[in-house]
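Quick note: the coordinates plus some simple rules give every number you see, no bench work behind them. Being a predicted model, the structure only gives us computed values, none of them experimental. Quick reminder, even Gly has a Cβ in these numbers, built from the backbone with ideal geometry, and neighbours come from all protein chains shown.
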Amino acid sequence: MHLGWIVASYDLGEALANLIQPFWMLPVLGVFQLRARDILGYTFVVFLALTPVVIVLVTLLGWTLSYPL
C-alpha cells in the first residue's frame, strides 16, 4: 500500500471520531442552549452512515497506488 494512503487512512479515522463528538459544535450548543446529549444521537447516526462508506473508499483507493520500491 502507498504510504500516502496510510496517512490518509489515519486522517480519515480521526475525522470519523470527530463525527461522534464534533468540537466545532461547542459554540452552537452555547448559542442554542443545548447540551451535548441533545445532539449526540444525530451525530452518532451520521457516524454510522459514513463509516462503511469511508472504509470502502479507503480500501478501494488504497489498491490504486502501489508502494514504490
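Some observations on this one:
- Residues located in segment 5-32, provided they are of a type outside the set (A, V, I, L, M) and assigned to a helix (DSSP H, G or I): Trp5, Ser9, Tyr10, Asp11, Gly13, Glu14, Asn18, Phe23, Trp24, Pro27, Gly30
- Annotation: Phe44 fulfils all but one of (1) in a helix (DSSP H, G or I); (2) surrounded by 12 or more Cβ atoms within 10 Å (Cβ to Cβ); (3) without any contact (Cβ under 8 Å) to a residue 12 or more places away in the chain; the unmet one is (3).
- Residue check, Asp38 within 28 Å of Leu61 (Cβ to Cβ) and of a type in the set (D, E, K, R): no
- Val54 meets the conditions (1) part of a helix (DSSP H, G or I); (2) loosely packed, with under 10 Cβ neighbours inside 10 Å in every case but one. The failed one is (2).
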